[in-house]
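Take a look at the structure set out below.
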Amino acid sequence: LKGISFDHLASYAAAAIKQKESFKTQLLDGTIKRQMSDWWLQLIRERQREFLKGISFDHLASYAAAAIKQKESFKTQLLDGTIKRQMSDWWLQLIRERQREFLKGISFDLDAVPKDYLETPPQSLEAVRRNLKLIQEVLNLDEDKHHTQRLINALKDEIYPRIDEFIANASSAVSDLLGLHEKRFSLKYGQMMFKARYSTGSRRTSGSHLHQSEETQQTIRTLLQDLEYLIRIRSLDTDDLVRSAEGPSKQLSLDCVPISGLVMSGFFRQENMLRTVLERWAGGVPKKKKQNHFRARARELTRSISTASLSRRGSQGDPD
């Protein structure tokens, strides 16, 4: 500092202030943003060129061929029902796993009932009674002591995005097979166009892509059935469905079971099994409170749920 005069210091300060003001002006008028954008775009281009230099045309061609092959494989599996079966198997397994985790978390004894419980008594009838009390609390969504609704919502949040993806892909496939504009496609429109083109007595344009094999027609018909089923359960599955106290039979259908219905049916089956064990080995169970309309309907659904199906090509099945 001894070697620097006051004038030098003043000029340095003035230059710093001027630079700061210039930066502020360029920030406000968008210059900095444009410079930054130009910089990263240039950087991306340079890195892309460097990357592509190291890749031969044969490599690029093989990548493209692999991508096309993967896309065609997915389309084939979508049309033959493989994707749908994989999806339904996945969500049923997921529901089973989450139900077990949930029951473990509330101290439910998963080993209290032997597999052959009609022939072999449980080691502890008291454990069975505790389980029955817990499962009845789980089924009481009005009090929701164990946060059953939280489990249902978590499973819906995880499963329905996968279902929505299937709906989008199946809609695209049907549009392509029917020669429709994908953006204009809706289930009702697809069903109407299918009926118009392939119903008995309808005219077909010979030699065109619309004159398709019976196998292709069956594929389209089944995809439309899948779409109708999945869109239906999507619309059914709201909190009001499992909470409704007024005429739930108007909402629930034995051949259309939403995700919340699958979750609850697993718990109802647990309750039925526990009651059966106590009736078989303890001479009966304590009287229960009068069941509401939903519980009665859910029991009916539980008995019939094994007949629920996505379509003729595959059964939705049962999570337990």
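The values are calculated or read from the model by the stated rules, or taken from the named source; none is laboratory data. The model shown is predicted, which means the values in this text are computed figures rather than measured ones. Ideal geometry is used to build each Cβ from the backbone, glycine not excepted, and the neighbour counts take in all protein chains shown. Calculation scope for accessible area: heavy atoms of the full protein, side chains included, ligands and nucleic acids excluded. Shrake-Rupley method; radii C 1.70, N 1.55, O 1.52, S 1.80 Å.
Checked against the criterion of being touching a residue at least 24 places away in the same chain (Cβ under 8 Å), in a loop (DSSP other than H, G, I, E, B), surrounded by 13 or more Cβ atoms within 10 Å (Cβ to Cβ) and touching a helix residue (DSSP H, G or I) at 6+ places or on another chain (Cβ under 7 Å), the range 141-151 contains one or more residues that satisfy it.
Is it true that some residue in the range 31-52 is over 53 Å from the mean Cα position of the chain (by Cα), aliphatic (A, V, I, L, M) and surrounded by 10 or more Cβ atoms within 10 Å (Cβ to Cβ)? No.
So, in the range 93-143, exactly how many residues are of a type in the set (Lys, Arg) and either touching a Cys at 6+ places or on another chain (Cβ under 9 Å) or more than 26 Å from GLU158 (Cα to Cα) (or both)? Spell out the reasoning first.
Within the range 93-143, the subset of a type in the set (Lys, Arg) is 96, 98, 100, 104, 115, 129-130, 133.
Filter once more, so that each one left must be either touching a Cys at 6+ places or on another chain (Cβ under 9 Å) or more than 26 Å from GLU158 (Cα to Cα) (or both): 115, 129-130, 133.
Of the residues in the range 93-143, 4 are of a type in the set (Lys, Arg) and either touching a Cys at 6+ places or on another chain (Cβ under 9 Å) or more than 26 Å from GLU158 (Cα to Cα) (or both).
Could you check, for the range 226-233, whether at least one of its residues is outside any helix (DSSP H, G or I) and either open to solvent by 40 Å² or more (accessible area, probe 1.4 Å) or at pLDDT below 60 (or both)? No - not one qualifying residue is present in the range 226-233. Before we move on, is LEU92 within 30 Å of ASP176 (Cβ to Cβ), hydrophobic (A, V, I, L, M, F, W, C) and surrounded by 15 or more Cβ atoms within 10 Å (Cβ to Cβ)? Criteria met by LEU92.
Within the set of pairs 6+ apart or on separate chains, which have a first residue in the range 168-191 that is on the phi < 0 side of the Ramachandran plot, a second that is of a type in the set (Ser, Thr, Tyr) and surrounded by fewer than 17 Cβ atoms within 10 Å (Cβ to Cβ), and C-beta atoms under 7 Å apart? As it stands, the answer is LEU177/THR216; GLU182/SER172, since those pairs meet every condition given.
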